[in-house]
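One structure is given here, and the rest of the page talks about it.
Where a number appears in this text, it was derived from the coordinates with a stated rule and is not lab data. Being a predicted model, the structure only gives us computed values, none of them experimental. With ideal geometry, Cβ positions are generated from the backbone for all residues, glycine too; neighbour counts draw on all protein chains shown.
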């Protein structure tokens, strides 16, 4: 790696003074970024800030326009040099749009951050809509000395090779014929990246999202061994260098458990990972969440009544109001943010539902809430969902009939598939 430390630091004023020269001498632009005094210099060099500063027809594109693997040459040069690690972090998170305001309860935050600081891989679990993926990114962003993260979403076809790596055939020219190369998996790729860009004491994070979509025991077998034996080689790359699970790599997983409990999981994962329950909102915390969202929007709808709808809907779905029956379905509060975004977009001036805001509530439920409930619902649950929203429709002035209609059509289709007579 080329060195950036020990050289004279280049300030933002210095970079601005020689901005036109940097366009003509790209190597100087790279060295300027490597020797940047702070992250502002890097942002200036790699964004349209330099174009706006020069404000000349000759300079219409940012300096960092040659992209490979999503990063331009300047940003790559910073990442793979020994310059200030905070500059590397600035590059990784500059375009990251993850909200800074962490919404999960404080003890959930404390447990998750504490586990990472103790060097333990983390599983964030809970029902859909509790903000697990967003919180996973926030953990990576906010964890001290973490330079960057990458996220991989599991699929039913995942195997251990998607985690650890695989050998793949590669067709070369006619004379050489078929050859083979090694492809890194999600975790080994993170290890390789960490070794290239992380100084001692800094970390890199890999997020494995929605791991319950895959067979956890099947995909995590070799990883379990690596967690217990960090010096064990888990993969050998093409140059014969071995990869172990280095301690500068954080592993964060998210897991939906709408249809299972933690006790039903393989003991192997609960022994090796810190299991952090994200479904831990207090009534007060959830109400404040709804209030904050509603108050941040200028909606032509009674905000107090809308908040009461959300609260009653959430409480009855999750059986928070003392009913002796099992919950209709575990359902997190984050789903209601999508409803509000829909209302904000469609009910304002010139919006699709400007003249029909109360119908828009039902259409938002039909678009965002009902499909997510029906996704894993049994036939008996569908009946309870139907009764639940019919009851809500009678209690509130909002028109929830579009949502109810969608449930009824799904019930009818399910009856036909099961051969059930009405």
Q: Obtain the nm distance between the two label points defined at residue 383 and residue 199 by a simple spin-label model: each point lies 7 Å from its Cα along the Cα-to-C-beta direction.
A: 6.6
**Q.** MRE, 222 nm, helices only [DSSP H, n ≥ 4, -39500 (n - 2.57), over the chain, to nearest 500]
**A.** -13500 deg cm²/dmol
Q. What Rg and what Dmax come out for the chain when only alpha-carbon atoms are used, in angstroms?
A. 25.9, 81
**Q.** Chain lengthening between residue 11 and residue 49 when straightened (0.36 nm per residue, less Cα-Cα)
**A.** 12.2 nm
Q: Once you've got the GNM for the chain with C-alpha springs shorter than 10 Å, pick whichever of 199, 40, 162 has the biggest mean-square fluctuation.
A: 40
Q | For the chain, built as a Gaussian network whose Cα springs stay under 10 Å, the top-fluctuating residue of 25, 87, 388 | A | 25
Q) Stokes-Einstein D for segment 113-243 at 4 °C, 1.567 mPa s, Kirkwood Rh over Cα pairs, in µm²/s? A) 79
Q: Mind pulling the angle between the C-alpha long axis of helix 186-197 and the longest principal axis of the chain? Nearest 10 degrees, somewhere in 0 to 90.
A: 40
Q) Just 347, 198, 253 to compare: in a GNM of the chain, with alpha carbon springs under 10 Å, which one fluctuates most? A) 347
(Q) Along the Cα→Cβ direction, 7 angstrom out, place labels at residue 241 and residue 355. What is the inter-label distance in nm? (A) 6.7
Q: Let me have the relative contact order for segment 133-215, percent, based on Cα pairs under 8 Å that are six or more residues apart.
A: 42
Q. Hey, what angle do you get for helix 283-295 against the long axis of the chain, alpha-carbon based, 0 to 90 degrees rounded to 10?
A. 80
Q. So what is the relative contact order of the chain, in percent, for Cα pairs below 8 Å that sit 6 or more residues apart?
A. 13
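Under the definition of Cα pairs under 8 Å and six or more residues apart, what whole-number percent is the relative contact order of segment 29-127?
Averaging sequence separation for qualifying contacts and normalising by length gives 23 percent for segment 29-127.
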Q | Label-reachable residues, segment 101-134, where backbone N falls under 12 Å from a point 7 Å from residue 367's Cα toward its Cβ | A | none
(Q) Can you tell me the orientation of helix 303-317 relative to the chain, as the angle in degrees between its alpha-carbon axis and the longest Cα principal axis, to the nearest 10? (A) 80
**Q.** Theoretical gain in end-to-end length, residue 326 to residue 183 [0.36 nm per residue, Cα-Cα removed]
**A.** 46.9 nm
Q. How many percent of DSSP beta bridges within the chain run antiparallel, rounded to 5?
A. 35
(Q) Can you tell me the length gained on complete extension of the stretch residue 213 to residue 28, counting 0.36 nm per residue apart and subtracting the Cα distance? (A) 61.8 nm
